[in-house]
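Below: the structure, in structure tokens.
The values are calculated or read from the model by the stated rules, or taken from the named source; none is laboratory data. Not measured: the values here are computed from a predicted model. No Cβ is skipped: glycine too gets one built from the backbone with ideal geometry, and neighbour counts run over all protein chains shown.
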2 protein chains.
Amino acid sequence: MGSVAFDAIETPFGKTDKIIGGAGTYIALAASFFENKQQIVSVVGEDFPQETLQMLKDRGVQLDGLQIKQGEKTFFWSGKYHNDMNSRDTLVTELNVLENFDPILPQSYQGAEFLMLGNLSPQVQKLVIERLETRPKLIAMDTMNFWMDIALEPLKETLKLIDLLIINDEEARQLSGEYSLVKASQVIRAMGPKYLIIKKGEHGALLFHEDKAFFAPALPLEEVFDPTGAGDTFAGGFMGYLSSADDISYDNMKRAIIAGSALASFCVEKFGTQRLQEITQTDIEKRINKFVELTDFSMVETIN
Amino acid sequence: MGSVAFDAIETPFGKTDKIIGGAGTYIALAASFFENKQQIVSVVGEDFPQETLQMLKDRGVQLDGLQIKQGEKTFFWSGKYHNDMNSRDTLVTELNVLENFDPILPQSYQGAEFLMLGNLSPQVQKLVIERLETRPKLIAMDTMNFWMDIALEPLKETLKLIDLLIINDEEARQLSGEYSLVKASQVIRAMGPKYLIIKKGEHGALLFHEDKAFFAPALPLEEVFDPTGAGDTFAGGFMGYLSSADDISYDNMKRAIIAGSALASFCVEKFGTQRLQEITQTDIEKRINKFVELTDFSMVETIN
């Protein structure tokens, strides 16, 4: 579940007209490299291009839960990245069809084993959970500081229902009130999710569970062309990998983080979803090997 | 070679009177866990405590090249860390004996195989290299933005003579004029050093060599009590580890980075050098194992 949207993006490298974006789009695209049976819950307006819907279908994404609202317009976001690419200003947000989004879960979606809740209001995220008759094996969700500011209590209610929260370091600090990510992870996991992934952008990602922590770096890149969607691509790749292996062990989550990180490293190479639509399984395998090389060491030497 | 000094430190957790500090002190202390034969080049005033010199001697640090200037005072630095511990203000800098530091390399130091040049003026760093009759197997150095601002040309001269530069991300960006650390590493290595380590504080460290990169995370800590000396401790642990194994291969450098990172993770747990003076070999081995756990994954699953 996540937004399927239009974005207009400006970076130091250039700017786009309205292009395809949205958390739901990135999640579905990324997951499709690992999992060929997925279902999207979202809403678009009548202005959304048929060819993009067909592209998703061709990648095995079922669209029965994607509402197309006649006479309405698709969600639109426009933003401009600063020179360091680590921060951005939102220029335009037009909620449009998202304003009154009531998620529909068709009967064909019942029994879904992996649920990824992209960043939307915690009330809508909760509705999706409630409308699934059987609880999925793993419920993961994303959120952002905006909801912590205006809907903290509903957010806390939804957090009680999920297994895994995927947020960035700034959001983890705001949600927990702790600067140390170790302490933040303890506070947040006490709110509900047994697993927590903290994304640190170019600095990688941390997975916390019980008394364990796993760290995956981001690949050092010559150029980040457009960071839009990297976090959602990470989440989609992560969930697709888990679902494909049908294994939610901690060890497999570590592998899934590497897979998600590899996909995110492609996402930022071009504007929007362009790069994700170009790459092949072989590209991904090669990229995953780069992560292995980047982190591989063996302490065979003994200390004096 | 590096400063042996007094520090006064203020953090959100407390403040100290004058305590023992200095890059040379941290480097020697950290290296002493791996290498029991090292020699320091530095200078102190007559106010420097004999017991600290004895402590260094007891750890195998030869002090023949440590000048004690009668009638003069030891270098003093005082700083205050901001709440996030990632930035600090310098409150006081009294160069004292460092103002006219002319490094002496006693005959007993000739033949040293590993040279670590702590952060001091590039002219002094160059003098030390020149005064060694035989070139060491590995010359590593640290520097800082201060020298890039006021002594860029001498710095570039010294960079031509070394094998490995160890600096932080901000310094790498300033020295190279590139924001991307991958690009920065290419520019900097074209200046001389074949190896480059970029320290990213709580985000770990990167090693670049030829077309290879290695990433080591920092251990996620509940609390950073005092970051002072962490970078020097990393460098000292790194060089001590390399020297002890007498192996400057890329693979051993990766191990040395983990060893240095482990020591740095202790350093920040208490004020100044206190924690480094308490820990044992067993503590270090356990900490290194935590790094192994933190980064360990195996992509045994195949992709669909």
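Quick one: which residue in A:Leu207, A:Leu175 is in contact with a strand residue (DSSP E or B) (Cβ under 8 Å, 6 or more places away or on another chain) and either assigned to a loop (DSSP other than H, G, I, E, B) or farther than 30 Å from B:Val182 by Cα (or both)?
On the way: A:Leu207 fails: either assigned to a loop (DSSP other than H, G, I, E, B) or farther than 30 Å from B:Val182 by Cα (or both).
After ruling out the rest, the residue left standing is A:Leu175.
Output the number of the condition that B:Leu56 fails; it satisfies all remaining conditions of (1) within 14 Å of chain A (Cβ to nearest Cβ); (2) assigned to a helix (DSSP H, G or I).
Failing condition for B:Leu56: (1).
Every residue in the range B:80-98 that is of a type outside the set (A, V, I, L, M) and within 19 Å of A:Tyr179 (Cβ to Cβ), please.
Keep residues of the range B:80-98 that are of a type outside the set (A, V, I, L, M), which gives B:80-84, B:86-90, B:93-94, B:96.
Result: B:Lys80, B:Tyr81, B:His82, B:Asn83, B:Asp84, B:Asn86, B:Ser87, B:Arg88, B:Asp89.
Given the condition touching a Gly at 6+ places or on another chain (Cβ under 8 Å), buried (at least 24 other Cβ atoms within 10 Å of the Cβ) and within 20 Å of A:Thr158 (Cβ to Cβ), answer yes or no: does some residue in the range A:224-235 qualify?
yes
Among the candidates A:Phe297, A:Phe271, A:Phe291, which residue alone is in a loop (DSSP other than H, G, I, E, B) and within 13 Å of another protein chain (Cβ to nearest Cβ)? Walk me through it before giving the result.
Values: A:Phe271 fails: within 13 Å of another protein chain (Cβ to nearest Cβ); A:Phe291 fails: in a loop (DSSP other than H, G, I, E, B).
Exactly one residue qualifies, and that residue is A:Phe297.
For the range B:238-253, enumerate the residues that are in a helix (DSSP H, G or I) and acidic (Asp, Glu).
First, pick out the residues of the range B:238-253 that are in a helix (DSSP H, G or I): B:238-245, B:250-253.
Result: B:Asp251, single match.
If you go through the range A:10-33, how many residues are more than 19 Å from A:Met141 (Cα to Cα) and buried (at least 24 other Cβ atoms within 10 Å of the Cβ)?
Step one: list which residues in the range A:10-33 are more than 19 Å from A:Met141 (Cα to Cα), which gives A:10-20, A:33.
Adding the requirement that they be buried (at least 24 other Cβ atoms within 10 Å of the Cβ) leaves A:33.
Here the count works out to 1.
Quick one: how many residues across the range A:158-183 are surrounded by fewer than 16 Cβ atoms within 10 Å (Cβ to Cβ) and away from chain B (no Cβ under 14 Å)?
Result for the range A:158-183: 1.
Quick test of your reading of the structure: B:Leu276 fulfils all but one of (1) of a type in the set (A, V, I, L, M); (2) out of contact with any His (no Cβ under 8 Å at 6 or more places or on another chain); (3) outside any helix (DSSP H, G or I). Name the failing condition by number.
Answer for B:Leu276: the failing condition is (3).
Please work out which residue is farthest from B:Tyr26 (Cα to Cα), limiting yourself to the range B:188-214 and to residues that are of a type in the set (A, V, I, L, M, F, W, C) and within 18 Å of the chain's Cα centre (by Cα). Let's see the steps before the verdict.
Let us first name the residues in the range B:188-214 that are of a type in the set (A, V, I, L, M, F, W, C), namely B:188, B:190-191, B:196-198, B:205-208, B:213-214.
From what's left, within 18 Å of the chain's Cα centre (by Cα): B:196-198, B:205-208.
Details: B:Leu196: 20, B:Ile197: 18, B:Ile198: 19, B:Ala205: 18, B:Leu206: 21, B:Leu207: 21, B:Phe208: 24 Å.
Here the residue is B:Phe208.
Any idea which residue in the range A:184-231 is farthest from the other protein chains (Cβ to nearest Cβ), counting only those that are farther than 19 Å from B:Gly204 by Cβ and β-branched (Val, Ile, Thr)?
Restricting to residues being farther than 19 Å from B:Gly204 by Cβ and β-branched (Val, Ile, Thr), the top hit is A:Thr228.
Would you mind stating whether A:Phe266 is more than 8 Å from chain B (Cβ to nearest Cβ), free of Cβ contacts under 8 Å to residues at least 40 places away in the same chain and under 29 Å from A:Ile9 (Cα atoms)?
yes
Check the range B:93-115 and report whether any residue there is within 22 Å of B:Gly260 (Cβ to Cβ), within 16 Å of the chain's Cα centre (by Cα) and at pLDDT 95 or above.
Taking the range B:93-115 as the starting set, the residues that turn out to be within 22 Å of B:Gly260 (Cβ to Cβ) are B:112-115.
Next, only the ones that are within 16 Å of the chain's Cα centre (by Cα) stay: B:114-115.
Filter once more, so that each one left must be at pLDDT 95 or above: B:114-115.
Yes, the range B:93-115 has at least one match.
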